[in-house]
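A short worksheet on the structure shown next.
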Amino acid sequence: NMENFKKEKIYHGSHKAGEGKGHKGHIFCLDITTDCKYMASGGQDKLIYLWDLEKDELCHVFKGHKDIITGLRFRQNSHELYSASKDRSVKVWSVDEMAYVETLFGHQDSILGIDCLRRQRPVTVGGRDSSIHVWKIIDESYLKYETNKRGSMECLCMLNEDNYLSGTDDGSLVTWNIHKKRPTFTRDKAHGLNRQGNSTTDDTWIISVAAVPNSDLVISGSNDNNLRLWKCNQNYTSLSPLFSVDMPGFINGLALSNSGKFIACAIGQEHKLGRWWHLQDVKNCVCIIDLQNT
């Protein structure tokens, strides 16, 4: 509850003792329909759980992915669900009919990020295949965009229907336009260098990005102890720093309220996809930032 910052409901996972009806393993992604009727969750068990938020119950389990589910996104103002997985596929589901629709193939590596707005045109990033795919569901085709940089595309968000932002493991923030095959702007080392103890490393991966659609506000998270806010120009061809918020730990997930007033940050001691580092002094938590009072 964002008015009193208290938990409203807990959906327990499945345990050996038989308690709970939820996931068996880590949960990597969540999304909620625009009308707040359904919530979808996916994770390590390769299953998508669909929760009815009005009745407070599990209503369906979607099966079909062959590896960890890394991303979920409902199309705005609809009950059409898109899922991305490490099995390199995107699947389309109809929540109204509780049914599988189709599978989309094209990526050559694990899909690590997915986003969608109103159109039937989800956008994904494919990890170390260093590409973005725009899936045209109605036309049964896709557009592929690539960067000359080597490395992994870790996350993605849509700025509007035609412009996108991605984050890479070399610390770059990259903007894209649907009409151009190459990036429209790249900001290298967006989070600077990472200082761990007495050493300085360049392991400032861009772990998460988010934006208020159709606005000029963008936020990015890494492991450099800072949540950074950026301003896009009118054509989305540049990013200018606004300010940063002190945020120790790995910022594994970001979400902005529809009004742009609140930022929710998922903070972890470790990176969400691996145990390459461990920050002992950080607490695993969700941090809410009120931008009006920042």
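The values are calculated or read from the model by the stated rules, or taken from the named source; none is laboratory data. Everything numeric in this text was worked out from a predicted model, so none of it was measured. Quick reminder, even Gly has a Cβ in these numbers, built from the backbone with ideal geometry, and neighbours come from all protein chains shown. For accessibility, only protein heavy atoms count, side chains too; no ligands or nucleic acids. Shrake-Rupley method; radii C 1.70, N 1.55, O 1.52, S 1.80 Å.
Among residues of the stretch 196-232 being out of contact with any strand residue (DSSP E or B) (no Cβ under 8 Å at 6 or more places or on another chain) and modelled with pLDDT of 90 or more, the one that is surrounded by the fewest Cβ atoms within 10 Å (Cβ to Cβ) is 214. Could you please find all residues in the stretch 22-34 being open to solvent by 80 Å² or more (accessible area, probe 1.4 Å) and without any contact (Cβ under 8 Å) to a residue 24 or more places away in the chain? The answer is 24, 26, 27.
Filtered by the rule that a residue be open to solvent by 10 Å² or more (accessible area, probe 1.4 Å) and either in a strand (DSSP E or B) or of a type in the set (Ser, Thr, Tyr) (or both), the stretch 136-154 gives 136, 141, 142, 143, 144, 146, 147, 154. When 277, 230 are screened for being more than 24 Å from residue 160 (Cα to Cα) and either hydroxyl-bearing (Ser, Thr, Tyr) or touching a residue at least 40 places away in the same chain (Cβ under 8 Å) (or both), only 277 passes.
Looking only at residues in the stretch 70-112 that are of a type in the set (A, V, I, L, M, F, W, C), open to solvent by less than 50 Å² (accessible area, probe 1.4 Å) and not in a strand (DSSP E or B), which one is farthest from residue 209 (Cα to Cα)? Selected residue: 95.
Using the structure shown, decide if residue 67 is touching a Lys or Arg at 6+ places or on another chain (Cβ under 6 Å) and open to solvent by 30 Å² or more (accessible area, probe 1.4 Å). Yes; evaluated as a whole, the condition is true for this residue. Against the criterion of being more than 13 Å from residue 71 (Cβ to Cβ) and either open to solvent by less than 60 Å² (accessible area, probe 1.4 Å) or without any contact (Cβ under 8 Å) to a residue 60 or more places away in the chain (or both), residue 172 qualifies. Would you please name the residue that is nearest to residue 209 (Cα to Cα), looking only at residues in the stretch 251-277 that are out of contact with any strand residue (DSSP E or B) (no Cβ under 8 Å at 6 or more places or on another chain) and either open to solvent by 90 Å² or more (accessible area, probe 1.4 Å) or at pLDDT 90 or above (or both)? Filtering first and then ranking leaves 258. Evaluate the following for residue 52: is it open to solvent by less than 20 Å² (accessible area, probe 1.4 Å) and acidic (Asp, Glu)? For residue 52, the condition - open to solvent by less than 20 Å² (accessible area, probe 1.4 Å) and acidic (Asp, Glu) - is met. Scanning the stretch 181-194 for residues that are in contact with a strand residue (DSSP E or B) (Cβ under 8 Å, 6 or more places away or on another chain) and open to solvent by 20 Å² or more (accessible area, probe 1.4 Å) returns 181, 182, 183, 184, 185, 186, 187, 193. Residues in the stretch 233-250 that are buried (at least 18 other Cβ atoms within 10 Å of the Cβ) and in contact (Cβ under 8 Å) with a residue 60 or more places away in the chain: 236, 239. For the stretch 29-55, filtering for residues that are of a type in the set (A, V, I, L, M) and closer than 19 Å to residue 253 by Cα leaves 5.
Going by the conditions given, is residue 119 of a type in the set (D, E, K, R), in contact with a strand residue (DSSP E or B) (Cβ under 8 Å, 6 or more places away or on another chain) and touching a residue at least 24 places away in the same chain (Cβ under 8 Å)? Considered against the rule, which asks whether it is of a type in the set (D, E, K, R), in contact with a strand residue (DSSP E or B) (Cβ under 8 Å, 6 or more places away or on another chain) and touching a residue at least 24 places away in the same chain (Cβ under 8 Å), residue 119 comes out as no.
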